[in-house]
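Undergrad: This is the structure, below, for whatever I ask next.
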Amino acid sequence: MAVELNHTIVHSLDNRESAAFLADVLGLEVGPAAGPFVPVDLSNGVTLDFATVPAGSITPQHYAFLLSEEEFDAAFRKIRAAGRAYFADPHGKLPGEINTHDGGRGVYFLDPAGHGMEIITRPYGYQEPAADTGTA
């Protein structure tokens, strides 16, 4: 059996608020609560289970999401419309900018619990496929 990530727990100050925030930005649905978890299912089969925990026990994590160009445009519009700060880098030194790493676009922003969220249109290390010259 191939190993796949199935789900992970995302600590939050308010599980419903954080799940709804991310689902809205990414154009996804929030699933029905399952015990203490509020799930957001991603298209690759991974579920983010948001759990409410005390503020002092949240260690900020980084979550990166690979989007199509159209999905990036829609998500970026929502980030800007909400007045969220965004950055071209994970350290927040390039505010109000996006990056163009590996021929794509990327941007960082914080979720309501302070986790670093990233949306990108190309995986890191991506290289355009070589052009087919038609000679064999």
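The values are calculated or read from the model by the stated rules, or taken from the named source; none is laboratory data. Everything numeric here is computed off the predicted structure, so don't read it as measured data. All Cβ positions, glycine included, derive from the backbone under ideal geometry; neighbour counts span all protein chains shown. When the accessible area is computed, the model is the full protein with side chains, heavy atoms only, and any ligands, DNA or RNA have been set aside. Shrake-Rupley method; radii C 1.70, N 1.55, O 1.52, S 1.80 Å.
Undergrad: Rounded to the nearest 0.05, what FRET efficiency is calculated for HIS62 and GLU29 with R0 set to 25 Å and r the Cβ-Cβ distance? Please report the intermediate quantities before stating the final value.
TA: On the way: r = 23 Å, r/R0 = 0.93.
The pair HIS62/GLU29 has a calculated efficiency of 0.60.
Undergrad: Further question: May I ask for the Rg/Rh ratio of the chain, computed from Cα atoms with Rh as the Kirkwood radius, given to two decimals? All intermediate terms of the calculation are to be shown ahead of the outcome.
TA: On the way: Rg = 16.7 Å, Rh = 16.2 Å.
Expressed as Rg/Rh, it is 1.03.
Undergrad: Using the basic label-point model (7 angstrom from Cα toward the beta carbon), what is the TYR124 to VAL53 distance in nanometres?
TA: Spacing of the two 7 Å Cα→Cβ label points: 2.3 nm.
Undergrad: Moving to a separate point now. In Å and from the alpha-carbon atoms only, list the Rg and Dmax of segment 91-134.
TA: 14.5, 52
Undergrad: Shifting gears a bit: Using modelled backbone amide H atoms (1.01 Å from N, in-plane), which distant-in-sequence or interchain residues come within less than 5 Å of ARG84's amide H?
TA: Those qualifying (amide H under 5 Å, at least 5 residues apart or on another chain) number zero.
Undergrad: How much of ARG80 can a 1.4 Å solvent probe reach, expressed as accessible area in Å² and rounded to 10?
TA: Using a 1.4 Å probe on the heavy atoms, I get roughly 120 Å².
Undergrad: What angle, in degrees between 0 and 90 and rounded to the nearest 10, separates the Cα long axis of helix 69-81 from the longest principal axis of the Cα atoms of the chain?
TA: 40
Undergrad: In the neighborhood of ASN6, defined by Cβ-to-Cβ distances under 15 Å, what is the net charge if each Lys or Arg adds +1 and each Asp or Glu adds -1? Don't jump to the answer; show the numbers that get you there.
TA: Numbers: positive: none; negative: GLU4, ASP41, ASP49.
For residues surrounding ASN6, the net value is -3.
Undergrad: Pick from ALA81, ALA64, ALA20: which is most flexible by mean-square fluctuation in a GNM of the chain where alpha carbon atoms under 10 Å apart are linked?
TA: Judging by the Gaussian network model, the answer is ALA81.
Undergrad: At a probe radius of 1.4 Å, what is the per-residue accessible area of TYR124, in Å² to the nearest 10?
TA: Approximately 120 Å² of TYR124 is accessible to the 1.4 Å probe.
Undergrad: Further question on the same structure: List the residues, sorted by chain then number, that are 5 or more residues from HIS7 or on another chain and whose placed amide H is less than 5 Å from its amide H.
TA: Excluding prolines and chain starts, which carry no amide H, the hits are THR47.
Undergrad: Now for a different question. Can you tally the net charge around ILE79? Count Lys and Arg as +1, Asp and Glu as -1, for every other residue whose Cβ sits under 12 Å from the Cβ of ILE79. Working shown, then result.
TA: Numbers: positive: ARG77, LYS78, ARG80, ARG84; negative: ASP24, ASP73, ASP111, GLU118.
Every neighbour counted, the sum reads 0.
Undergrad: I would also like to ask the following. Taking the Cα centre as origin and putting +1 on Lys and Arg beta-carbons and -1 on Asp and Glu beta-carbons, what dipole magnitude results for the chain, to the nearest 20 debye? Please list the in-between numbers first.
TA: Numbers: 8 positive and 18 negative charges, 84 e Å.
The calculated dipole for the chain is roughly 400 debye.
Undergrad: A further question on this structure: Segment 51-113: which GluC sites (Glu not before Pro) are DSSP loop and have at most 15 other beta-carbon atoms within 10 angstrom?
TA: Values: sites: GLU69, GLU70, GLU71, GLU97; in loops: GLU97.
Hits after loop and neighbour filter: GLU97.
Undergrad: Near MET117, within a Cβ-to-Cβ distance under 11 Å, what is the net charge of the other residues, with Lys and Arg +1 and Asp and Glu -1?
TA: For residues surrounding MET117, the net value is -1.
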